[in-house]
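Trainee: Can you read through this structure? Questions will come right after.
The values are calculated or read from the model by the stated rules, or taken from the named source; none is laboratory data. Predicted, not measured: the structure shown is a model, and the values here were computed from it. Here the Cβ is made from the backbone with ideal geometry for all residues, glycine too, and neighbour counts use every protein chain on show. These accessible areas exclude ligands, DNA and RNA; they are computed on the full protein's heavy atoms, side chains included. Shrake-Rupley method; radii C 1.70, N 1.55, O 1.52, S 1.80 Å.
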Amino acid sequence: MEIRIGNSLLVLVQGDITQEDTDALVNTANSRLAGGGGVDGAIHRAGGPAIMAECRKIGGCPTGQAVITTGGNLKARYVIHTVGPIYRDGSHGEEELLAGAYRESLKLASARNLKSLSFPAISAGVYGYPLQEAARIALTTVIEYLKNHQDIELVRFVLFGQKIFDVFSAVLKDLSSEIPK
Ligand code: AR6
């Protein structure tokens, strides 16, 4: 599924983010940038040790913020590491922190003149964010950014498995009826 927002294309696909050939992949890191499971494990495995070497130099990243490293052996030139919130009960600033993770990743891409990037569903795995809510926050934040910034031409959400792809697709369908053509 895809929609156009001004000059930009927003695309949802089902797949493995490490195979993307956009300018940057977004990694669901932890605040120590220490590596882990899920997307984080897959990106470091596929990208090789150059990514972790840069993460060590950077040292860490607060929740809701983002940092950038090389893409190592990946097809993507860069990895943007962002830290989503660990979901507790929704009353600990989770929504704003999750929106921040998307927004700060996009800002970093703009600052580096990148034209395309690929996101996973941040916080929707190990960090336990309810899927429907995670999808709504992800999509509204990216749509809002693309409405106000012409520089990024392509944002791909690369969703792992049919269920999460279906949830994101349904949420995007609802939201896209509100986007002016
Ligand atoms: N490509 C695309 N999506 C994937 C892939 C993949 N290769 N692998 C998993 N997913 P998660 P989080 C999906 O757990 O919740 C790590 O240990 C997955 O099914 O990667 O933000 C870090 O070090 C889910 O829908 O990220 C942190 O400690 C989504 O990507 C912590 O996990 C996000 O799942 C971050 O947890």
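Trainee: Treat every Asp and Glu Cβ in the range 2-176 as -1 and every Lys and Arg Cβ as +1, leave all other atoms uncharged, and give the resulting dipole magnitude about the Cα centre to the nearest 20 debye. Mind dumping the intermediate values first?
Mentor: On the way: 17 positive and 18 negative charges, 83 e Å.
Charge dipole, the range 2-176, about its Cα centre: 400 debye, nearest 20.
Trainee: While we're looking at this one, here's another question. I'd like the distance separating the alpha-carbon centroids of the range 29-103 and the range 120-167, in whole Å.
Mentor: Cα centroid of the range 29-103 versus Cα centroid of the range 120-167: 15 Å apart.
Trainee: Could you list which residues have their amide H under 5 Å from that of residue 33, counting only those 5 or more apart in sequence or on another chain, with H placed in the peptide plane?
Mentor: Correct list: 61.
Trainee: If you take every DSSP beta bridge fully contained in the chain, what fraction is antiparallel? Give it as a percent rounded to 5. Please report the intermediate quantities before stating the final value.
Mentor: On the way: 9 of 26 bridges.
Percentage antiparallel, nearest 5: 35.
Trainee: Residues with amide H under 5 Å of residue 160's amide H, sequence separation 5 or more or different chain, H placed in the peptide plane at 1.01 Å from N; which?
Mentor: 15, 121
Trainee: With a 1.4 Å probe and all protein chains in place, put 88, 45 in order of accessible area, largest first.
Mentor: Of 88, 45, the descending order of accessible area is 45, 88.
Trainee: In whole percent, and with a 1.4 Å probe on the protein chains, what portion of the accessible area of the range 41-181 is carbon and sulfur?
Mentor: 52 percent
Trainee: Hey, another quick one. Using the heavy atoms of the protein chains alone and a 1.4 angstrom probe, what is the accessible area of the chain per residue in square angstrom? Walk me through the numbers on the way to the answer.
Mentor: Details: 8410 Å² over 181 residues.
That works out to 46 Å² per residue.
Trainee: Now, a different point. Could you sort 133, 178 by accessible area so the largest value comes first, with the probe set to 1.4 Å? Please list the in-between numbers first.
Mentor: On the way: 133 70, 178 130 Å².
Putting 133, 178 in descending order of accessible area: 178, 133.
Trainee: From the backbone phi of the range 45-60, what are the Karplus-calculated ³J(HN,Hα) couplings (6.51 cos²θ - 1.76 cosθ + 1.60, θ = phi - 60°) in whole Hz, Gly and Pro given as x?
Mentor: Per residue, the Karplus-derived 3J(HN,Hα) values read 5, 6, x, x, x, 4, 5, 5, 4, 6, 4, 4, 5, 5, x, x Hz.
Trainee: OK, next. Whole-Hz Karplus ³J(HN,Hα) for the range 117-123, in order, using 6.51 cos²θ - 1.76 cosθ + 1.60 and θ = phi - 60°, x for Gly and Pro?
Mentor: Whole-Hz 3J(HN,Hα) from phi for the range 117-123: 8, 10, 10, x, 7, 4, 6.
Trainee: Can you work out ³J(HN,Hα) from phi for every residue in the range 24-30, in order, using Karplus 6.51 cos²θ - 1.76 cosθ + 1.60 and θ = phi - 60°, giving whole Hz and x for Gly and Pro?
Mentor: After applying 6.51 cos²θ - 1.76 cosθ + 1.60, I find 9, 9, 9, 9, 8, 7, 10 Hz.
Trainee: I'd like to know which of 140, 51, 176 lies farthest towards the positive end of the charge dipole of the chain, counting +1 on Cβ of Lys and Arg and -1 on Cβ of Asp and Glu.
Mentor: 51
Trainee: Ignoring everything but the protein chains, give the 1.4 Å probe accessible area of residue 91 in square angstrom, nearest 10.
Mentor: The accessible area comes out at roughly 90 Å².
Trainee: Can you give the three extents of the C-alpha atoms in the chain along their principal axes, from longest to shortest, in whole Å?
Mentor: 44, 36, 28
Trainee: Okay, helix-only estimate at 222 nm for the chain: each DSSP H run of n ≥ 4 adds -39500 (n - 2.57), divide by all residues, round to 500 deg cm²/dmol; what do you get? Kindly include the intermediate steps, with their values, before the conclusion.
Mentor: On the way: 5 runs with 71 residues, N = 181.
Dividing the helical sum by the residues of the chain leaves -12500 deg cm²/dmol.
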